[in-house]
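This report concerns only the one structure given below.
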Amino acid sequence: MADDLHLRGMPPTDGPRQDAPGARQGIRIRLEVAFADFRLDVDLDLPGRGVTALFGHSGSGKTTLLRCVAGLEPAARGVLTVNGECWQDSARGLFVPPHRRQLGYVFQEASLFPHLSVRRNLEFGLRRIPAAARKVSLAQATALLGIDHLLERMPDRLSGGERQRVGMARALLTSPRILLMDEPLAALDARRKQEILPYLERLHDELDIPVLYVSHAAEEVVRLADHVVMLGEGRVMAAGELRATMARLDLPTAFTEDAGVVVEGRVAEHDDHYHLTRLDFPGGAVWVSRQVAELGRMLRFRVHARDVSLADHQVEGTSIVNLLPVVIDEIVGADTAAHVLVKMDAGGTPLVARITRRSSEQLVLRPGRRMWAQIKSVALLG
Amino acid sequence: MSSLSSADWSAVWLTLKLATVSTVILLLVGTPIAWWLARTRSKWKGVVGAVVALPLVLPPTVIGFYLLLAMGPNGPVGQLTEALGIGLLPFSFAGLVVGSVIYSLPFVVQPVHNAFEAIGRRPLEVAATLRAGPWDSFFNVALPLARPGFVTATILGFAHTVGEFGVVLMIGGNIPDKTRVVSVAIYDHVEALEYAEAHWLAGGMLAFSFLVLLALYGRRYRTGGGLG
């Protein structure tokens, strides 16, 4: 199945290229829209593939931004280009209406049409695109999302998680050039979330189109996203590659409370005696509890800043398993006056530690100094 | 066994024909008005809504009086229809249809308007992201979701037209086979002290109205379309 499902937003980059200016991979969003009590003003260049999380608290404008990309906010002004295709350029009076934009949209509540069966819901978009443009078949979409057995049901006979999976399949069946997802897990309880997350990861692995994923849940973002845009009060606070952005220290307190980094490690060794698994990453390795994963597989894990401490020599006689040599990059204030955040480089992988200001001064921490990071625990994602 | 004369049967037939034709026209005219009222942000929304609702509060004789003037030889509508070669509408079946449509308009527009509002914007946004253009969304999403509103509107529009009297009397008169509907026929029988004949028609109307309302209130319907 992995090889069958292939959505291509653009011809391969080594193929013939359009000469028109702006005909390039990537998503260019330069939009502003003002409401009575809220204003969104963003200027973003996002990668043309992979999952980009739009991350922020409620009211930060992330859903509004997604709606602007879909063309559902006609009051928005500016420029929007998706992988070479211009959907909006207000200066030229160009506004492509939503139904002419090749996008898939997954709403927070699945929003299935209640008067149509699951099959007819799925076919709604499929039948409205030309046969030649169909890159995903009904069978592929239903297999990918595990909904084959639900086709003849009416939406009111589905669980919340099933509805959301039907909503995702319905969006995919329009063979979109970009997939927009508005907190697809927010309306679900913890168990349903766990039910959906594997499907989302599959989408991530098998789709060749960019995905914009709105979420206020850090755990979802670090598990699914490659890139992240942090939004606050209608503005972009930070944007970039996931690991680098999560390790940035210059973000407002709201984000540093939960500071930490995301690392992707390769399963390198299983130790069956102690029930441990070694994950290698650029610049080091960590031991985690035994994972059921074949050697060579990539696993993501999160290292919370509060779980990292620092020592000026390689400590002997400690219960902490994971010790890494690091170089201090930067020290900034944290969410409380008693703490600082220390950003370090572990041979190419960024790490962040949250320690007391007193410890920082006693250890005479400064940029460029070599130290040992002790990692108390890591959280495996997925 | 029937105690209805052929003239009375003719009145019944004319009434049903008038109600059917009027209801079809009401749905065709009322649906776009209801859609516009449900979707617009125009400042004219309140004005249009009030005009549509006027027949709810005006005495039918007032509506009939102004229709008579407008459609008469000196009225703007009358001059238009004469110029078009249609002739004058008062005291004709076509005139009754025009009067009925105006008289019953709020009974059709309001249920449909409420049904469209209950659907909200979301299903239409979903349809747009699934490549459905505005007309496509209207016919394949909005109309099916508003179905309960249309059923109510059809029943109310039909029944209200069957029950009209004042407007008919003002603009239709009492011409057998052309404008004499059941309500007018009952009035004639009572005037002539033909109570038995009046009973047959009046009793029939009572039974009909009860059955219509029973169908309306007995039906368990949802008022619109929350999405699944």
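The Cα-based radius of gyration of chain A, divided by its Kirkwood radius, gives an Rg/Rh of 1.01. Computed about the Cα centre, the dipole magnitude for the range A:260-354 is approximately 300 debye when only Lys and Arg (+1) and Asp and Glu (-1) carry charge, each at its Cβ. Counting Lys +1, Arg +1, Asp -1, Glu -1, what net charge surrounds A:Leu197 among other residues with beta carbon under 14 Å of its beta carbon? Net charge in that neighbourhood comes out at 0. Of A:Arg165, A:Arg366, the residue with the largest accessible area leads and the full order is A:Arg366, A:Arg165 (1.4 Å probe). Shape verdict for the range A:38-100, please, from the Cα gyration tensor: rounded (a/c under 1.5), prolate (a/b greater than b/c) or oblate. Judged from the Cα gyration tensor, the range A:38-100 comes out oblate (a/c at least 1.5, b/c at or above a/b). For a straight C-alpha distance cut-off of 25 angstrom, the lysines reachable from A:Lys343 (same-chain residues fewer than eight places away being disregarded) are A:Lys376. Among residues other than B:Val141 with Cβ under 13 Å from its Cβ, the summed charge is +4 (Lys and Arg +1, Asp and Glu -1).
Just checking the listed ones, B:Gly149, B:Gly95, B:Gly218: in the Gaussian network model of chain B with Cα springs under 10 Å, the one fluctuating most is B:Gly218. Note on B:Lys178: lysines with a C-alpha under 17 Å away, same-chain residues under 8 apart excluded, are B:Lys17. What would the Debye formula give as log10 I(q)/I(0) at q = 0.13, 0.23 Å⁻¹ for the alpha-carbon point model of the range A:132-223, no solvent? Results for the range A:132-223 at q = 0.13, 0.23 Å⁻¹ read -0.43, -1.33.
Would you calculate, for chain A, the mean residue ellipticity at 222 nm contributed by helices, counting each DSSP H stretch of 4 or more residues as -39,500 (n - 2.57) and dividing by all residues, to the nearest 500? If you can, show how the numbers build up before the last one.
Numbers: 9 runs with 77 residues, N = 382.
That comes out to -5500 deg cm²/dmol.
Over 14 Å apart: what share of the alpha carbon pairs of the range A:321-371 falls there, rounded to a whole percent?
Details: 605 of 1275 pairs.
The answer is 47 percent, as a whole percent.
In degrees, nearest 10, range 0 to 90: what is the angle between the Cα axis of helix A:190-206 and the longest Cα principal axis of chain A? Once rounded, the angle reads 80 degrees.
Largest GNM mean-square fluctuation across B:Trp135, B:Trp35, B:Trp13, computed for chain B with C-alpha springs under 10 Å, falls on B:Trp135. Which aspartates and glutamates does A:Lys135 reach when only Cα atoms under 17 Å apart count, and residues fewer than 8 places away in its own chain are ignored? Hits, sequence-local ones excluded: A:Asp3, A:Asp4, A:Glu123, A:Asp205, A:Glu206, A:Asp208.
What does the C-alpha gyration tensor say about the overall shape of the range A:260-381? Classify as rounded when a/c is under 1.5, otherwise prolate if a/b is larger than b/c, or oblate. Intermediate results must be reported in sequence, preceding the final value.
On the way: a/c = 2.12, a/b = 1.90, b/c = 1.12.
Taking the square roots of the gyration eigenvalues as a ≥ b ≥ c, the range A:260-381 is prolate.
Quick one: grab the alpha carbon gyration tensor of the range B:1-62, order the square roots of its eigenvalues as a ≥ b ≥ c, and give me rounded if a/c is under 1.5, else prolate or oblate depending on whether a/b is larger than b/c. It is prolate, given that a/c is not under 1.5 and a/b is the larger ratio. Note that the range A:277-291 has calculated 3J(HN,Hα) couplings of 10, 9, 10, 9, 9, x, x, x, 8, 10, 9, 10, 5, 3, 9 Hz, one per residue in order, obtained from phi through the Karplus relation 6.51 cos²θ - 1.76 cosθ + 1.60 (θ = phi - 60°); glycine and proline are x. Evaluating 6.51 cos²θ - 1.76 cosθ + 1.60 at θ = phi - 60° for every residue in the range B:138-151, the Karplus couplings come out as 4, 6, 9, 10, 5, 4, x, 6, 8, 3, x, x, 5, 4 Hz, glycine and proline recorded as x. Seen against the Cα atoms of chain B and their longest principal axis, helix B:195-218 is set at about 10 degrees. When chain A is treated as a GNM with alpha-carbon contacts under 10 Å, the residue of A:Arg92, A:Arg235, A:Arg306 showing the greatest mean-square fluctuation is A:Arg92. Each listed q (0.08, 0.14, 0.17, 0.19 Å⁻¹) maps to a log10 I(q)/I(0) for the range B:15-218, found by the Debye formula over equal Cα scatterers with no solvent: -0.34, -0.90, -1.16, -1.31. Mean per-residue shielding of peptide B:207-218 is 0, counting Cβ atoms of other chains within 10 Å of each Cβ. Rounded to the nearest 10 degrees, the angle from helix B:182-191 to the longest Cα principal axis of chain B is 30 degrees.
Could you work out the longest stretch of chain A that avoids the GluC sites (Glu not before Pro) located in DSSP loops with at most 15 other Cβ atoms within 10 Å? Mind showing how you got there, number by number?
Values: sites that count: A:Glu152, A:Glu233, A:Glu257, A:Glu294, A:Glu316.
In chain A, the maximal stretch lacking such sites is A:1-151.
The values are calculated or read from the model by the stated rules, or taken from the named source; none is laboratory data. Model, not experiment: these values are computed from the prediction. Backbone-built Cβ (ideal geometry, glycine too); neighbour counts: all protein chains shown. To get the accessible areas, we keep the full protein, side chains included, count just its heavy atoms, and leave off ligands, DNA and RNA. Shrake-Rupley method; radii C 1.70, N 1.55, O 1.52, S 1.80 Å.
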